[in-house]
1. Return yes or no: is L431 out of contact with any Phe, Trp or Tyr (no Cβ under 8 Å at 6 or more places or on another chain), within 16 Å of the ligand (Cβ to nearest atom), more than 30 Å from A347 (Cβ to Cβ) and open to solvent by less than 40 Å² (accessible area, probe 1.4 Å)?
2. Take R353 and tell me if it is open to solvent by 50 Å² or more (accessible area, probe 1.4 Å), within 15 Å of the ligand (Cβ to nearest atom), among the basic types (K, R) and on the phi < 0 side of the Ramachandran plot.
3. Can you name the residue in the stretch 138-157 that is more than 23 Å from V219 (Cα to Cα) and more than 16 Å from the ligand (Cβ to nearest atom) and is also surrounded by the most Cβ atoms within 10 Å (Cβ to Cβ) among such residues?
4. With the structure loaded, tell me whether L89 is within 17 Å of A53 (Cβ to Cβ), within 16 Å of the ligand (Cβ to nearest atom) and either touching a residue at least 12 places away in the same chain (Cβ under 8 Å) or not in a loop (DSSP other than H, G, I, E, B) (or both) or whether it fails that test.
5. What residue, of R569, R556, R562, is under 26 Å from V690 (Cβ atoms), crowded, with 17+ Cβ neighbours inside 10 Å and touching a Cys at 6+ places or on another chain (Cβ under 8 Å)?
6. Would you list the helices (runs of 4 or more DSSP H) that sit entirely within the stretch 416-490 and hold 2 or more residues that are within 24 Å of the chain's Cα centre (by Cα)?
7. Going through the stretch 530-561 one residue at a time, which ones are touching a Leu at 6+ places or on another chain (Cβ under 9 Å) and touching a residue at least 12 places away in the same chain (Cβ under 8 Å)?
8. Checking the structure you have, find out if any residue of the stretch 169-176 is in contact with a helix residue (DSSP H, G or I) (Cβ under 7 Å, 6 or more places away or on another chain) and either surrounded by fewer than 18 Cβ atoms within 10 Å (Cβ to Cβ) or hydrophobic (A, V, I, L, M, F, W, C) (or both).
Amino acid sequence: MTNPVVQSVIPPNPADLEAAIRYRLHYTIAKDMSDVNTEDLFHAVSLAVKDVAVDRLLESRHRFREEDVKRVYYLSMEFLPGRTLGNNLLNLGLYEACRQALQTLGSDINDVLKEEHDPALGNGGLGRLAACLLDSMATEGIAGFGYGINYQFGLFRQVIENGWQVEKPDRWLSDSFYWQVTRPERIATVLIGGRVVDTQDMHGQIRPRWVDTQTIQGVPHDMPVVGYGGKTVNFLRLYSAQTSHDFDMQIFNHGDYLKAVEDKIKSETVTRVLYPNDVPESGRQLRLTQEYFFTACALSDILIGFLRFHKDLSTFADKVSIQMNDTHPTIAVAELMRLLIDEHQIAWDEAWRTTVAVLGYTNHTLMGEALERWPVPLFEKLLPRHMQIIYQINERFLKEVDKRWPGDLDRMRRMSIIEESNPKQIRMAHLAIIGSHSTNGVASLHSELLKQRLLHDFFELWPERFNNKTNGVTPRRWIGLANPGLSQLLDRRVGKDWITDLDQLRALEGLAQDKGFQDEFLKVKKEAKARACRIVRDQMGFFLTGDFLFDVHAKRIHLYKRQLLNVLRIIHDYLRLVEDRVTPPVPQAFLFAGKAAPGYQAAKQVIKLIHSVGQVINQDPRARDWMSVIFVPDYRVSIAEWLIPAADLSEQISTAGTEASGTGNMKFAMNGALTIGTLDGANIEIREAVGPENFFLFGLTADEVQSLQARHVYDPEGIIARNPAIHRVLESLLSKRFCANDPGLFQDMVRYVMDRNDPFVHLADLKSYCRAHDEAVALYAKPAEWVPKTILNVARTGFFSSDRTVREYARDIWKLR
Ligand code: 26Q
């Protein structure tokens, strides 16, 4: 038996692929065909396909070197790539061949793909965006590479016990994760701790030296990132921390064996676990160490790679762009300066010009309290040399501010990198803006609000540094893989090129009124809903039917995202049904999914509330034919892939001015759900794109919310007094209705929404939310009106392809070609 794969590339031909799979089953898995199970098949297919990906990876590397192209490095603490095998089959053009090959081997491709663990190396939107951008860079043929952390434990697994979220470890890496290639030859050495001493060089110049440091090694693990069509394969390089080999030797040479082993364990914990917060907690030493560790690994790797093919660093900025995904890798500003100055003897001014030209910063939040700050004492202890460099950067920067606004001390205090609190804090966002040539927001409104509010001082100083890059999502995963029915329909009706040129979906506009097409389109949605029903039944034992309108609210649980507002509205509908005997035009299923940060009590109570309300409604014979409430546990990419295509209505109801962009909103619209939403984040652009008549709008605008708060006139009690229906909802929450066994359980929830200082002004939007929802449901009852709208949503979401996003980054920030 020869390995048909090593003869380079498998043509997309079932017989060859089958032979490759058989080869792997025989020689790697060492099993007879008669013993083979689905898991074995998964391993064999993965190995066969990985070989193809590696072939193309080496070819791409060679081509990029020959052409000496400019490279982009995307630094991110989080990547949520989703399952790999199906994606790589699709992008390599092997999906159909594999389906047939597996059929011949007596197996269903869907069962085989499900064997793969879905890596959860991120919290939510920010990590998933990183994965979509990598996919699009490879597809666009850009030499773009991800750098991050190979966490041993990804985001916790969410289990629901008695309605409460319980966190369980997610040890995702196993021996059978084949997609990673360890690269021992590119181990990075990272210094940390110690102190700085001044020494004189041979010219009598004072040169600071960082001494008595500890060393941690970063071991890179590369995962291929296959572009669609398989022409370009880039990589995602994830580092795990390891004690240095020298250090291991010292264990034997010096006497203190136990101390040495303890230190070893300590340094290897650096990459043990992903922090689950989506609001930063200052003062966590391990988190800062993680941020520095992976940034330092990445920069040293990038410099070494560059110097292998270039004689010195003078052209570095022409050939390299580094994008910082939020402030998490912002220590890159100081680390790059340190490398250029201390290790490569470049003068400050030139080093600074290079640093600013190379780095770009993407901001993902509007909430001031979510901006990262690190206490100076902690920073000084871990990174004394970086602290010196940051002080110098700040000194020069404040001189510039003083030159522009002489004597404006208040402004200097506001803009300084150092916040003069006790203890002093380093404002990472300021460091990022000052140390880079570009600061971008992730949706149009977000970028505007950054300029007008959060970062206004910086915008006044450097308007040219600010720009917008509206997020996007990859059509390969979010239509191609997630929605095979829609995908095939598009292939037939608009041709196959939509997958790399999503604007082609426009061709559907002309079909929106075509009865034949409407039926086909409806059938696709029906099938996606039927699939969701099967999964909900098999995994949760809940019998759901596709005749219900599927109303889906899936994202991290957070007060600003207002799952609580949705629950209030559901209770309102429920009371209207059982108390007022008003039946809705159509039965509805309210599906929730999302994780709460483990320390975020209010968010965890929202999860409990959803379960409690669900239990009452789902068991009430007066209600259960009309409404169901379902919480799908452990939300992750692989759940989004079946849940989103099944949605009829997409809940995007954050308080205006709080959600930077959202990307789920795009995935839903692309898959033919209509959005009910506020004028927040990318909702605004989605609404403009699909047409206001195809979007259910409600709620205050960002300016109105701000003005309400600035004037201190938000008056929840007044709202309750004027709206008996709202009053009734809150009364029911205070009563035993939803917490018979635990009276008073939801008092806190009521307190949140009755607080005049509720930052998310729930009650200000409740009435208009109910109105918009009623409209949506009434429309759903008239398929002749609803279906054309969903078709137009799909037709007009081409803009939200991450291919477009990446092209904009390439043109405006990375300055490629
Ligand atoms: C920071 C410091 C310490 C511990 C944790 C963190 C931390 C971790 C994750 C801070 C933030 C995050 C994640 C943020 C995030 O996902 N933001 C989302 O980014 C999306 C992509 O741009 C946007 O679409 C969403 O609007 C935004 O909420």
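1. The answer is no for L431.
2. The answer is no for R353.
3. Looking at the filtered set, the residue picked out is A138.
4. no
5. On inspection, the qualifying residue turns out to be R569.
6. 428-434, 444-449
7. Residues satisfying the conditions are A532, C533, I535, V536, L544, L549, F550, D551, V552, H553, A554.
8. yes
The values are calculated or read from the model by the stated rules, or taken from the named source; none is laboratory data. Everything quoted here is computed from the prediction, not taken from an experiment. Every residue, glycine as well, gets a Cβ built from its backbone with ideal geometry; the counts of neighbours run over all protein chains shown. These accessible areas exclude ligands, DNA and RNA; they are computed on the full protein's heavy atoms, side chains included. Shrake-Rupley method; radii C 1.70, N 1.55, O 1.52, S 1.80 Å.
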